[in-house]
Amino acid sequence: MTELLGAILPYITTILLFASIYAVFALGLNLEWGFTGLINFGHVAFFAIGAYTTVLLNISGCPLIISVIAGVALAGFFGFLLGIPTLRLREDYLAIVTIGFSEVVRSILLNEEWLTRGPFGVHGFDRPFQDAVPYQHYNTFLLILFVAILAIVYFALERLIQSPWGRVLKSIREDETVPSALGKNVFSYKLQSLIIGSAIAGLAGTMLAFYITYINPCTFKPIETFYAWIIVILGGTASNKGTIVGAIILWAFFSGTKFIDRIVPVPFESHQMGAFRMIVIGLLLMLLMMYKPEGIFGRKEELALSD
Amino acid sequence: MNILTARNLKKHFGGVKAVDGCSIDIESGTIVGLIGPNGAGKTTMFNLISGFERGSGEITFKGQRTDNLSPFKIARCGMVRTFQIPRALTKMSVLENLMLAPTMQRGERIWNVCLRRKKVLEQEQTIKEKSMGILEFFEIDDLRDEYAGALSGGQKKLLEMARAIAIDPSLMLLDEPFSGVNPTLSRKISGHIDELREGGMTFLIIEHDIPAVTKISDRIVVMNEGRVMTEGKPEEIKRRKDVLDVYLGGEG
Ligand SMILES: Nc1ncnc2c1ncn2[C@@H]1O[C@H](COP(=O)(O)OP(=O)(O)OP(=O)(O)O)[C@@H](O)[C@H]1O
Ligand SMILES: [Mg+2]
């Protein structure tokens, strides 16, 4: 029994580590899309900016905590820069510009070797409390740290959402003409939402770097953005709780299918398996849309409402 | 003293001259009715005055030029408008719809939410009580926890007006406030509008219900084909044959 537990525990730790990182990542998107109605198709860019800024600063001698703060702040700052020209326009402009931006970021990561070390990526940076925690317990420690970060982000967001500030965001999502007519500066609120959402993605990026200890441009492919969307939709748009559950389900699924060939024979090579998993995720999402379109924690009655 | 003056407003949509050189003066503390046949340009006038549509001409509100301001800034100056087709915030509760309205709430600023939680909560409580009072007046208080999207057309109309009143504006632009509202309640609302006017509020009201609007208005402006056709006291307007012609297509 203890043997089995010993074999399973690291496996569960891995799932939970990834789930907590992606839950934070997706919570940023949920603020933007779920609560404000902003369509961000380049969320991964902020993930990458957070990760890269942190590790590059740290590697050039900056203390870790300051590197993390800088990574989060820079991700937020880029949210601000992207928001300024796009958020006054129709909502689809943000979607287009963010897609483009995430590809620009990735190509800078690939090509500007003087800054980003190019395709070989970055490793050898510090990890939090790496000297204080024994190596064999480090992942357990990291999990506790990540769950704590997730909890802080979650409760902070919940408090914001339930405040009058959050009420304005929701009104923008519903129909931005109304808050404008009531004297709310819609542009400023959208910008705030984008900045905070991006900063949260940046934080998730540094978490990812700390866990996987090596990052390169391939870590931040556009598909990462869609993992965040899957998580938000799966959990139920505009539910932070749902987002966390969605992240756990997605990673349990990823890890589960990774080892499925050991249990039942599958007729694929391992690289085909990756593609197959995406097909299955697509199918599952379609089934979800057919049978539980509001997501796990979404409210069904909301879907029936008309304007 | 005029709270609002609009000079020579124009707004064309392609070939359609929705508003075509329209001027209007609203004296502070009065109720002005804006009538005219369908397509006369009344709603477009509201859109221009409230900043949702850009055209040409000069608009002065409380002595300040507002024709280049964005809608939210105009609203902050103390002018609020309702929409002909009510805009309920579908996935928010009726009470939330109302509590959104008051301007300059402390909790709308993110640092206040983070750092001054107690003060924010105190003000929330005040806003909530006030909102409940308004909902009671409009007789939709039992719907406070319903989604606004679940209300009937008439109830949405009431919610729309309730939300505007919750702001305590100095000028209210109401686009057909009585359409779809039951007669008893619309009399009650008329009465309330009159009370608010006594308290110093100014109203510009678009309405097709001629008896209702002539009853509460101090002055009536008649629009036709994007221009002011005539204006005057309600009794005079009611007797004008040309107005009846426009409205009834010559049958009157
Ligand atoms: N966004 C728009 N695009 C094109 N044409 C428009 C637009 N808005 C209004 N119009 C046209 O301008 C004219 C005036 O419309 P408006 O809505 O101001 O009329 P109204 O007096 O409010 O009429 P009603 O009493 O029916 O509400 C109409 O002919 C309408 O078709
Ligand atoms: Mg109209």
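Of all the helices (runs of 4 or more DSSP H) wholly in the range A:152-239, which have at least 3 residues that are at pLDDT 95 or above, out of contact with any Leu (no Cβ under 9 Å at 6 or more places or on another chain) and away from every other protein chain (no Cβ under 14 Å)?
Values: elements: A:164-175, A:177-181, A:186-212, A:223-235.
Hits in the range A:152-239: A:186-212.
Inspect the range B:134-143 for any residue being over 22 Å from the mean Cα position of the chain (by Cα) and within 8 Å of another protein chain (Cβ to nearest Cβ) and give the result as yes or no.
There is no residue in the range B:134-143 that is over 22 Å from the mean Cα position of the chain (by Cα) and within 8 Å of another protein chain (Cβ to nearest Cβ).
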- Among the residues of the range B:90-99, is there at least one that is in contact with a Ser or Thr (Cβ under 9 Å, 6 or more places away or on another chain) and within 16 Å of ligand 1 (Cβ to nearest atom)? no
- Message: I'd like to check something: does the range B:98-115 contain any residue that is in contact (Cβ under 8 Å) with a residue 60 or more places away in the chain, within 16 Å of the chain's Cα centre (by Cα) and assigned by TED's automatic domain parsing to the domain that holds B:ARG65?
- Response: no
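I'd like the full set of residues that are in contact with a helix residue (DSSP H, G or I) (Cβ under 8 Å, 6 or more places away or on another chain), in contact (Cβ under 8 Å) with a residue 24 or more places away in the chain and not charged (D, E, K, R), limited to the range A:84-96. Show your work before the answer.
Quick first cut of the range A:84-96, residues in contact with a helix residue (DSSP H, G or I) (Cβ under 8 Å, 6 or more places away or on another chain) only: A:84-88, A:93-94.
Narrowing the set further to residues that are in contact (Cβ under 8 Å) with a residue 24 or more places away in the chain leaves A:84, A:87-88, A:94.
Selection gives A:ILE84, A:LEU87, A:LEU94.
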- Note on the structure: Within the range A:60-95, the residues that are in a helix (DSSP H, G or I) and either touching a Gly at 6+ places or on another chain (Cβ under 6 Å) or basic (Lys, Arg) (or both) are A:GLY71, A:VAL72, A:ALA75
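Do we have A:GLY100 as open to solvent by less than 10 Å² (accessible area, probe 1.4 Å) and part of a helix (DSSP H, G or I) here?
Working: open to solvent by less than 10 Å² (accessible area, probe 1.4 Å): no; part of a helix (DSSP H, G or I): yes.
The answer is no for A:GLY100.
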- Message: I want to confirm something. Restricting to the range B:107-120 and keeping residues that are in a helix (DSSP H, G or I) and open to solvent by 90 Å² or more (accessible area, probe 1.4 Å), which single residue is nearest to the other protein chains (Cβ to nearest Cβ)?
- Response: B:ARG117
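Residue-by-condition table, conditions (1) over 23 Å from the mean Cα position of the chain (by Cα); (2) open to solvent by 20 Å² or more (accessible area, probe 1.4 Å); (3) in contact (Cβ under 8 Å) with a residue 12 or more places away in the chain:
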site	(1), (2), (3)
A:ILE172	no, no, yes
A:LEU182	yes, no, no
A:LYS190	no, no, yes
A:ILE196	no, yes, yes
A:ILE212	no, yes, no
- Message: Quick test of your reading of the structure: B:GLY29 fulfils all but one of (1) more than 11 Å from ligand 1 (Cβ to nearest atom); (2) under 30 Å from B:ASP145 (Cα atoms); (3) not assigned by TED's automatic domain parsing to the domain that holds B:ARG144. Name the failing condition by number.
- Response: (2)
- Item | Matching residues in the range B:157-174 - criterion: being within 14 Å of ligand 2 (Cβ to nearest atom) and away from every other protein chain (no Cβ under 11 Å) | B:LYS157, B:LEU174
- Note on the structure: Subset of the range A:38-51, residues aromatic (Phe, Trp, Tyr) and open to solvent by 10 Å² or more (accessible area, probe 1.4 Å), comes to A:PHE41
- How many of the residues in the range A:281-307 are in contact (Cβ under 8 Å) with a residue 60 or more places away in the chain and more than 12 Å from chain B (Cβ to nearest Cβ)? 3
- Where A:ALA51 falls short, out of the listed (1) under 19 Å from the mean Cα position of the chain (by Cα); (2) closer than 27 Å to A:ASN185 by Cβ; (3) at pLDDT 95 or above: (2)
- Task: With the checklist (1) β-branched (Val, Ile, Thr); (2) within 16 Å of ligand 1 (Cβ to nearest atom); (3) in contact with a strand residue (DSSP E or B) (Cβ under 6 Å, 6 or more places away or on another chain) in hand, flag the one item B:ILE85 doesn't pass.
- Result: (3)
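Return the total of residues in the range A:121-136 being on the phi > 0 side of the Ramachandran plot and open to solvent by less than 60 Å² (accessible area, probe 1.4 Å). Write out each step before concluding.
Of all residues in the range A:121-136, those on the phi > 0 side of the Ramachandran plot come to A:121, A:124, A:129.
Of the ones still in play, those that are also open to solvent by less than 60 Å² (accessible area, probe 1.4 Å) are A:121.
Total meeting the criteria: 1.
Every residue, every condition in (1) exposed (fewer than 14 other Cβ atoms within 10 Å of the Cβ); (2) closer than 23 Å to A:LEU191 by Cβ, yes or no:
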residue: A:VAL55; (1), (2): no, no
residue: A:ALA70; (1), (2): no, yes
residue: A:TYR138; (1), (2): no, no
residue: A:PHE146; (1), (2): no, no
residue: A:ARG159; (1), (2): no, yes
residue: A:GLN162; (1), (2): yes, yes
residue: A:TRP165; (1), (2): no, yes
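The values are calculated or read from the model by the stated rules, or taken from the named source; none is laboratory data. Predicted model only: the values in this text are computed from it and were never measured. Please note: Cβ atoms are built from the backbone with ideal geometry, for glycine as well, and neighbour counts cover all protein chains shown. Protein only, heavy atoms only, side chains kept; ligands, DNA and RNA dropped before computing areas. Shrake-Rupley method; radii C 1.70, N 1.55, O 1.52, S 1.80 Å.
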